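One structure is given below, encoded as structure tokens.
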Amino acid sequence: MAELTTDIRAIRGIGEARAAALGKLGIFTLGDLISWFPRRYEDRTEIRRIAELVPGETACVAAMVTAPPTLSRIRKGLELIKLRAVDETGVLDVTFFNQTWLKNNLRQGETYLFYGKAEGNLLRRQMAGPVVEPEGRREFTGRIVPIYPLTAGVSQLILSRSVRQGLDACTDILPDVLPDGVRREHQLCRIGFAYENIHFPQNARALELARRRLAFEELFLFTIGLRRLRSRRSVLPVAPCKEVDLTPFFARLPFQLTGAQRRCIGEALGDMKSGRPMNRLCQGDVGSGKTMVAAACVYFMVKNGHQAALMAPTEILARQHFEGLRPLLEGLGVRCALLTGSARQKERRELLQRLEEGETDFVIGTHALLTEDVRWANLGLVVTDEQHRFGVAQRSALSAKGDSPHMLVMSATPIPRTLALILYGDLDVSVLDELPPGRQSIDTFAVPGSYHQRVYRFIRAQAAQGRQSYVVCPMVEEDGEAPDERKAVTEYARKLRAGPLSELRVAVLHGRMKPREKDAVMAAFAAHETDVLVSTTVIEVGVDVPNATLMVVENAERFGLSQLHQLRGRVGRGTHKSYCILISDNTGEETRARLRVMTRTSDGFKIAEEDLRLRGPGDFFGLRQHGLPGLKVADLGCDTKLLQEAQAAADQLLAADPELRTCPAAAARVEELFARRADTLN
Ligand code: ADP
Ligand code: MG
């Protein structure tokens, strides 16, 4: 008897060749196969009559073939099959290219279902290359048809036939991981019905039931997994930190901390004094002042006699943090160092030695902090900045270097709170929901490409007032190849220097530059040795140049709203009035709606919600990037209510039965889903 782990080659009807093709999609076992869910569906239920076909619309039609199909060779490699079919309302001419086998399969006098785009006029309807099958079959026509994600060599036909065979092979063995009580209480269908109808829905209602059931199951298991990770984590005791007087730290700051900053610092310090490792997310919009929260924690930890590390996603950012924090912290007796990939060998060796001997208290760096040869005397705190750029695995690789150091994660990706709970379910969350006083709103405009000359004039006007501008450069894909960012940026900058911005000092920044070059460019910009920085999105995170007042984004339609928000956050950081100009020639309704959101609000949380609503969460959250199991069916954006239901059910179950003794199937699935993650999430 088949099991979910059975190799697909053992399924009737799946041979070596097909198995190899499916293998390209990562489908190896029966379980993989039936969990390869459709990406979307096409509702081909409605069958029209020929006279009802509307040119330009895709539809299904039943018609009888009136004469044997004819085959003609138009030229080498191009064979055309033509046939005529009728119903009581009209005539349909159908053509197929290079599908020669149809010549003998479509018979005169028989009725077939054709599904395709209707063309022609009212007198002569036509379809080119429709899906066709005998009337009674109803496999790809006359029903809701699944559309699967594919790869080269695997067609919809192959996939759906394989899935059909897979489902037939396991009707009796699908384990229902949901406890019966939960299933009934939340009115969820049985697992067999769910799998059958997620693939081959009998009707729209059945599809909805199937989807709801599978989404619930995912969220339920996901919640259980996260809850268990969290409880596992909290039993590891560490020595509680002692109280530290932060007055000297506050006294050196050039400003008063906001209430939100003080609250976050308080929450973090509370964690570190608790005797359990801190695992806290500090979430705050761009410019909310996360760095100072980190600095306070670092000061606290160092005064507790431990080392601290701050990990940034780019060298530019690491250097900037270093330059900003060193004057503040060294004055307070904290010995600071910078470690990036581009440090010279000798420098690096000396630095590592000081770290190991405990002569350096605080290191700021990039991924370079994760390499094997970095050893610490007594690492007590790890702060990761802009954590969406780091996976959970990297975070934890760093934490593994200490004796369960405290972790503070800082993220500028504002996400709705329920989603934060899912994504960062293993973390406690502090929200910086207040901007430092005196921040000006950034006037944002969405304009078409025809405004370029005016935009350049505006850049010159800003420069004339002593201000600086960023220009995020267009990236043009060439014949489907990945865009060459170096070329794009350099050429765009040359154009600007040669023409509209010839009087200004234009610098260039892109991701392929050596770290040293990047640093030099950034340093020059920060020192106002250049006026305009033409860049890719490498400046998206964190960079802080208060004199920059204008952000111009070319091809703005290419960016997600949250990314645009990040880019816009690069300006308006000083006291000067700041602007953001989003250039796009895309006139599509959706693009316009998205850009309109940007011009109307500067609230990162609102923008994230809109982004989610307009774009769907598919690639928005990147669960896998966070090191968590991905969700295949559930949609974190739309299924918020379902998420709450599933979370409640999971909590109820865990309260009654923390070890999941009553539902071993669920326990096994959670184990499997989180197997590779368990150690990385702590
Ligand atoms: P982000 O949350 O985006 O990382 P930063 O920590 O870079 O924000 O802070 C943005 C700017 O605001 C910096 O120039 C910082 O010095 C300044 N800043 C931080 N806190 C305050 C405050 N309480 N009052 C005034 N300015 C502040
Ligand atoms: Mg920051």
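Taking chymotrypsin sites (Phe, Trp or Tyr not before Pro) as candidate sites, keep only those in a DSSP loop with at most 12 other Cβ atoms within 10 Å, then name the longest stretch of the chain containing none of them. Walk me through the numbers before you get to the answer.
Values: sites that count: Trp101, Phe255.
Counting at most 12 other Cβ atoms within 10 Å as exposed, the longest clean stretch of the chain is 256-682.
Please give, to one decimal in nm, the separation of the simple spin-label points placed at Thr662 and Gln440, each 7 Å out from Cα toward the Cβ.
With each label placed 7 Å out from Cα toward Cβ, I get 6.2 nm.
Per residue and in cubic angstrom, what volume does the convex hull of the Cα atoms of the stretch 533-596 have? Don't skip to the end; give the middle numbers.
Working: hull volume 5.1 nm³, N = 64.
That works out to 80 Å³ per residue.
Compute the distance in nm between two label points, each set 7 Å from the Cα along the Cα-to-Cβ direction, one at Phe28 and one at Lys495.
It works out to 4.8 nm between the two label points.
Between Leu4 and Ile47, what FRET efficiency comes out of the Förster formula 1/(1 + (r/R0)^6) with R0 = 35 Å and r the beta carbon distance, rounded to 0.05? Can you show the working numbers first?
Values: r = 37 Å, r/R0 = 1.05.
Given R0 = 35 Å and the Cβ-Cβ separation, E is 0.45.
Rounded to a whole number, what is D in µm²/s for the stretch 157-260 from Stokes-Einstein with the Kirkwood radius over alpha-carbon pairs (25 °C, 0.890 mPa s)? Spell out each step's value before the answer.
Working: Rh = 18.5 Å.
In µm²/s, the coefficient is 132.
Between the DSSP loop rule and a limit of at most 11 other Cβ atoms within 10 Å, which trypsin sites (Lys or Arg not before Pro) in the stretch 267-355 are left? List each step's numbers first, then the result.
On the way: sites: Lys273, Arg280, Lys290, Lys303, Arg319, Arg335, Arg344, Lys346, Arg348, Arg349, Arg354; in loops: Arg335, Arg344.
For trypsin sites (Lys or Arg not before Pro) across the stretch 267-355 that sit outside H, G, I, E and B with at most 11 neighbouring Cβ atoms in 10 Å, the list reads Arg344.
Per-residue HN-Hα couplings for the stretch 137-146, Karplus 6.51 cos²θ - 1.76 cosθ + 1.60 at θ = phi - 60°, whole Hz, x for Gly and Pro?
Whole-Hz 3J(HN,Hα) from phi for the stretch 137-146: 6, 6, 8, 10, 9, x, 7, 7, 10, x.
Over the chain, average the accessible area per residue using a 1.4 Å probe and give it in Å², no decimals.
Details: 30960 Å² over 682 residues.
In whole numbers, the chain has 45 Å² accessible per residue.
Can you send over the carbon and sulfur percentage of the accessible area for the chain, probe radius 1.4 Å, protein chains only?
Values: 15500 of 30960 Å².
The nonpolar share, carbon plus sulfur, comes to 50 percent.
Give me a comma-separated list of calculated 3J(HN,Hα) values for the stretch 92-106, in order, Karplus coefficients 6.51, -1.76, 1.60 applied at θ = phi - 60°, integers in Hz, x for any Gly or Pro.
Those phi angles translate into 10, 9, 10, 10, 10, 9, 6, 10, 3, 4, 5, 3, 8, 8, 9 Hz.
Taking the Cα centre of each part, how many Å lie between the stretch 279-308 and the stretch 211-230?
Cα centroid to Cα centroid, the span is 32 Å.
What is the extension gain from Gln644 to Arg73, computed as 0.36 nm multiplied by their sequence separation minus the C-alpha to C-alpha distance, in nm to one decimal? Show your work: numbers first, answer last.
On the way: separation 571, 0.36 × 571 = 205.56 nm, distance 6.06 nm.
Length gained, Gln644 through Arg73: 199.5 nm.
Computed over the Cα atoms of the chain, what is the ratio Rg over Rh, Rh following Kirkwood? Intermediate values should be presented prior to the final figure.
Details: Rg = 30.1 Å, Rh = 29.1 Å.
Reported Rg/Rh, Kirkwood definition of Rh: 1.04.
Which far-off residues, 5 or more places away or on another chain, put their amide H under 5 Å from the one on Ile147, with H placed in the peptide plane?
Arg39, Arg40, Tyr41, Glu42
Only sites in a loop by DSSP and with at most 10 other Cβ atoms within 10 Å count here; which GluC sites (Glu not before Pro) in the stretch 88-135 make the cut?
Glu88
How far is helix 315-330 tilted off the main Cα axis of the chain, in degrees rounded to 10, range 0 to 90?
With both axes taken from Cα atoms, the answer is about 30 degrees.
Using DSSP to call loops (not H, G, I, E or B), can you name the GluC sites (Glu not before Pro) in the stretch 494-589 whose Cβ has at most 14 other Cβ atoms within 10 angstrom?
Details: sites: Glu503, Glu517, Glu529, Glu540, Glu554, Glu557, Glu589; in loops: Glu503, Glu529, Glu540, Glu554.
Filter output for the stretch 494-589: Glu503, Glu529.
Would you mind checking the tilt of helix 290-303 against the longest principal axis of the Cα atoms of the chain, expressed as 0 to 90 degrees and rounded to 10?
The helix 290-303 is inclined about 50 degrees to the chain.
What are the ³J(HN,Hα) values, in whole Hz, obtained from phi via the Karplus relation 6.51 cos²θ - 1.76 cosθ + 1.60 with θ = phi - 60°, for each residue of the stretch 526-535 in sequence order, with x given for Gly and Pro?
4, 8, 6, 7, 10, 9, 10, 10, 8, 8
Using a Förster radius of 30 Å, what is the FRET efficiency between His452 and Thr58 based on their Cβ-Cβ separation? Nearest 0.05, please. Please list the in-between numbers first.
Values: r = 39 Å, r/R0 = 1.30.
Efficiency at R0 = 30 Å is approximately 0.15.
If you stretched the chain out fully between His528 and Lys577, how much longer would it get, using 0.36 nm times the residue separation minus the C-alpha to C-alpha distance? Working shown, then result.
On the way: separation 49, 0.36 × 49 = 17.64 nm, distance 1.74 nm.
Gain on extension, His528 to Lys577, equals 15.9 nm.
Against the longest principal axis of the chain, how steep is helix 604-615, in degrees 0 to 90 to the nearest 10, with axes from Cα atoms?
So the inclination is approximately 20 degrees.
Kirkwood Rh, Cα Rg: Rg to Rh for the stretch 106-212? Don't jump to the answer; show the numbers that get you there.
Details: Rg = 18.2 Å, Rh = 16.6 Å.
Rg/Rh for the stretch 106-212 comes to 1.10.
Check which residues have an amide H placed less than 5 Å from Arg190's amide H, if you skip close sequence neighbours.
It is none; the list stays empty.
Express in nm, to one decimal, how much length is gained between Lys117 and Asp245 on full extension, taking 0.36 nm for each residue of separation and deducting their alpha carbon distance. Present the calculation step by step, with values, prior to reporting the outcome.
Working: separation 128, 0.36 × 128 = 46.08 nm, distance 7.37 nm.
Residue separation times 0.36 nm, minus the Cα-Cα distance, leaves 38.7 nm.
I need the calculated FRET efficiency for the pair Thr95 and Arg505, taking r as the beta carbon distance and R₀ as 45 Å, to the nearest 0.05.
Details: r = 61 Å, r/R0 = 1.36.
After rounding, the FRET efficiency stands at 0.15.
Return the distance in nm (one decimal) between the two label points of a simple spin-label model at Ala593 and Asp428, each offset 7 Å from Cα along Cα→Cβ.
In this crude label model, Ala593 to Asp428 measures out at 4.0 nm.
Quick one: which residues, 5 or more positions from Met407 or on another chain, have an amide H under 5 Å from its amide H? H modelled 1.01 Å from N in the peptide plane, none for Pro or chain starts.
Met278, Asn279, Arg280, Val382
The values are calculated or read from the model by the stated rules, or taken from the named source; none is laboratory data. Every value quoted in this text rests on a predicted model; they were computed, and no experiment measured them. In this analysis, Cβ positions are derived from the backbone assuming ideal geometry, glycine residues included, and neighbour counts consider all displayed protein chains. Keep in mind that these areas ignore ligands, DNA and RNA; they rest on the heavy atoms of the full protein, side chains included. Shrake-Rupley method; radii C 1.70, N 1.55, O 1.52, S 1.80 Å.
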